[in-house]
Amino acid sequence: MPSIIRQRVLDLLETAGVHPGGASTTDPVIRDERFYARVIAQGSLGLGESYMDGWWDVASLDGLIVRLLRARLDQRVPGIVSRLHGARAWLLNLQTARRAAVVGERHYDLGNDLFQAMLGKRMVYSCGYWRDAADLDSAQAAKLDLVCRKLDLRPGMRVLDIGCGWGEALKFAAQRYGVSGVGVTISQEQAEHARRLCDGLPIEIRLQDYRELDEPFDRIFSIGMFEHVGVRNYRDYFEIARRCLVDDPATGGGLFLLHSIGSNESVRHTDPWIERYIFPNSMLPSPVQIAQSLEGVFVVEDWHGFGHDYDRTLQAWRDNIESTWDTLPARYDARFRRMWRFYLASSMANFRTRRAQLWQLVLSPRGVPGGYVAPR
C-alpha cells in the first residue's frame, strides 16, 4: 500500500512538472518517506506541516507552490481536514466577537519585534502600491497616500480606521492631511504600539471590536481587516460602517474605503494550514459576497484591483525577515521559521497565480453628486 500511495503522489506531481530529487529549483528533496501518505491524507495541511517538520526541502519554495496551484493539485487532493473544516464553516459563525479575538491573540500578538523586522520602516501589514515605487517603504507610503486621496481627506475631518494595525495609516493621514481620528484593533500588542506611535497627534486608539462602534465620522477606511469578518457578518459590517458615516444629503454623505484581499470564488473558510497556523477563523471574500452584502447600504463608486503588487510586497517582507532572523529572540525557533517561510511563499504563489486578488472599494451612502473621480 505505501508504494501505491507514493506512486500516486509522484503521478500528481508529474502533472505539475514537479519531480522529487530532480534538478529544477522547484523540485523538492524528500527527506522522510512518510511525506507521501501525509499529503494524500491531509492535503495542504499535510504539505505545510511536513515542510515545518523538515520532511522535505526545495530551493524555490514559492516557485514550487506556484506549480502546484497552476496544476490545481490543492483541489485534486483536498484532504479530509479540508472537508471537515468546510462543513464546520457552513454550520458555525467562525467570526463572532469571541472567535474574532483569537486571531489577535495568535497572530497579531506574536510580537512587535517580528513584524518590525519584516514590515520595514512603516509597519503596514498590507499590500504596497508599486506603480511608481522602487522599494517597500515607498510603496507603502504610496498606498497610504492613495487611500487618503481616494477619500478626499481635508483638514478638520474626523476619520475612523477599522482594524488600525500598528497605527501607521492614521498617523500618515493626521500628519499629511490634517485630520483627527479613531483607530480600533483587537490586538493588545498593536494597540500599545499604535498609541506610542500616534502620541501627540489627535488620534485615539482603542482595543475594541468593530461591532461596538456607533458614532459619527466624516470618512472611514479599513485596510486588511475585512479578511477576518466572515461572510455571515458582512451585512452587519457594512451596516455598522454606514451608521457611523456622516450622511449629508446635499453632498451625498461621506466616503468609506475598503481595502481587502479577495478570492475569485465564493467560499466560507480559508485553507486548513492557514487556518491552523496563521489566520484562525479567516476567509477571503468574493466579488459576489461583497456586492450582495452591501446592496442597499452603499453605492459602489470605485473598485480598484492591484493584486499583482502583493507578490512584490511579500517578496520584500521575505527579504527583510530572512536578513534579520538571527537578531530575533529564540522563541522564533527553527520550526517557526519554516512555518513563516511557508506562509510567505504560499501567499506569493496565490497572488502570482491570481488565485488571490487585492481590491480597494470606495463606497458612499447615496452616491457622490456629479460622479466620483477615482485617483490612481
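The values are calculated or read from the model by the stated rules, or taken from the named source; none is laboratory data. Fair warning: this is a prediction, and the values are worked out from it, not measured in the lab. Cβ: placed from backbone, ideal geometry, glycine included. Neighbour counts: every protein chain shown.
Numbers for the structure displayed
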item: Matching entry among Arg335, Arg355 (being surrounded by fewer than 14 Cβ atoms within 10 Å (Cβ to Cβ), closer than 29 Å to Trp56 by Cβ and touching a residue at least 24 places away in the same chain (Cβ under 8 Å)); result: Arg335
item: Tally, over the range 354-373, of residues that are within 14 Å of Phe306 (Cα to Cα) and either of a type outside the set (A, V, I, L, M) or touching an Asp or Glu at 6+ places or on another chain (Cβ under 8 Å) (or both); result: 7
item: Conditions (1) at pLDDT below 95; (2) part of a loop (DSSP other than H, G, I, E, B); (3) closer than 25 Å to Trp325 by Cβ; number of the one not met by Ala59; result: (1)
item: Ser323 being surrounded by fewer than 22 Cβ atoms within 10 Å (Cβ to Cβ) and not charged (D, E, K, R); result: yes
item: First in the range 120-135 and within 18 Å of Glu189 (Cα to Cα), second anywhere and among the basic types (Lys, Arg) and surrounded by 19 or more Cβ atoms within 10 Å (Cβ to Cβ), Cβ under 8 Å, 6 or more apart; result: Val124/Lys143; Ser126/Lys143
item: Residue within the range 34-43 that is touching a residue at least 40 places away in the same chain (Cβ under 8 Å), under 24 Å from the mean Cα position of the chain (by Cα) and in a loop (DSSP other than H, G, I, E, B) present; result: yes
item: Those residues of the range 173-189 which are modelled with pLDDT of 95 or more and not in a loop (DSSP other than H, G, I, E, B), in sequence order; result: Ala173, Ala174, Gln175, Arg176, Tyr177, Ser180, Gly181, Val182, Gly183, Val184, Thr185
item: Any hit, the range 262-284, residues being touching a residue at least 60 places away in the same chain (Cβ under 8 Å) and in contact with a Pro (Cβ under 6 Å, 6 or more places away or on another chain); result: yes
item: Failed item, numbered, when Gln208 is tested on (1) surrounded by fewer than 21 Cβ atoms within 10 Å (Cβ to Cβ); (2) of a type outside the set (Lys, Arg); (3) more than 20 Å from the chain's Cα centre (by Cα); result: (3)
item: Residue check for Val18: under 26 Å from Arg354 (Cα atoms), at pLDDT 95 or above and not in a helix (DSSP H, G or I); result: yes
item: Filter result for the condition that a residue is closer than 20 Å to Val147 by Cβ, in a loop (DSSP other than H, G, I, E, B) and touching a helix residue (DSSP H, G or I) at 6+ places or on another chain (Cβ under 9 Å), over Leu258, Leu170, Leu201; result: Leu201
